[in-house]
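In what follows, a structure is listed as structure tokens, so that the remarks can point back to it.
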Amino acid sequence: MVRTVPVVNPANAITALRLVLVPVFLVFGALSDFIHDGWRMAACLVFLVASLTDWLDGYLARANGWITSFGKIADPIADKALTGAALVLLSVYDRLPWWVTFVILLREVGITLMRFWVIRYGVIAASRGGKVKTVLQIAAIAWYLWPWPEALVGVGPWLMGAALVATVGTGADYVVRVIALRRKGRRAEQEDAQA
């Protein structure tokens, strides 16, 4: 007997919450104008809470068998919406060069599209490098959002540099794994068609 997983479950609800937090984060960031420390702190805290929901929804889905097609699609979209909104906000307020935002967003959107391209053949699990990349991106973005004293502001570019290297490196690894999965899936389809 095949178990049917309801679309409305706690894991998917948390993913939806992350999507709802994106505009809240943007409003707080815009209200800060990057000169009002209280709003910057609020934006940073909303960003961190939303980022933590990514770990929580994945954990709950795997632990309780709540994996759904909606979750497979909505989860990466929510992740990219949050990261993308934060990077664009930082670039709009001249905290981060636009080329950094462009490179990271190109990788993130490209990988998400590739996931959809091969989803019928399987899901490629996040690698250890991908998890490190995510942590570095969250840490770097949060560092730029928080109103640090002038002496600590210089840490941000180092964190973002590490995140950028991890982003590009894991993106290349993901492309290789996607191509391998697609070839394997196409081969299996051809063998089924010949049988």
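The values are calculated or read from the model by the stated rules, or taken from the named source; none is laboratory data. Predicted model only: the values in this text are computed from it and were never measured. A quick note on method: Cβ atoms are made from the backbone with ideal geometry, for glycine too, and the neighbour counts reach across all protein chains shown.
The residues of the range 92-132 that are among the polar types (S, T, N, Q) and surrounded by fewer than 17 Cβ atoms within 10 Å (Cβ to Cβ), listed by number, are Thr112, Ser127. Could you list, ordered by first residue, the pairs with Cβ atoms under 6 Å in which the first is in the range 6-33 and surrounded by 19 or more Cβ atoms within 10 Å (Cβ to Cβ) and the second is not in a helix (DSSP H, G or I), at least 6 apart or interchain? Filtered contacts from the range 6-33: Asn9/Trp66; Ala11/Trp66. Looking across the range 66-84, just one residue is modelled with pLDDT of 85 or more and basic (Lys, Arg), and that is Lys80.
If only residues of the range 111-130 that are aromatic (Phe, Trp, Tyr) and over 16 Å from the mean Cα position of the chain (by Cα) are counted, the one that is modelled with the lowest pLDDT is Tyr121. Of the residues making up the range 74-110, those that are touching a residue at least 60 places away in the same chain (Cβ under 8 Å), more than 24 Å from Ala13 (Cα to Cα) and within 15 Å of the chain's Cα centre (by Cα) are Val103, Ile104, Arg107, Gly110. Listed by first and then second residue, the pairs with beta-carbon distance under 7 Å, at least 6 apart or on different chains, first residue in the range 46-65 and modelled with pLDDT of 90 or more, second among the aromatic types (Phe, Trp, Tyr) and surrounded by 14 or more Cβ atoms within 10 Å (Cβ to Cβ), are Val46/Phe25; Val46/Phe28; Phe47/Phe25; Ala50/Phe25; Leu60/Trp66.
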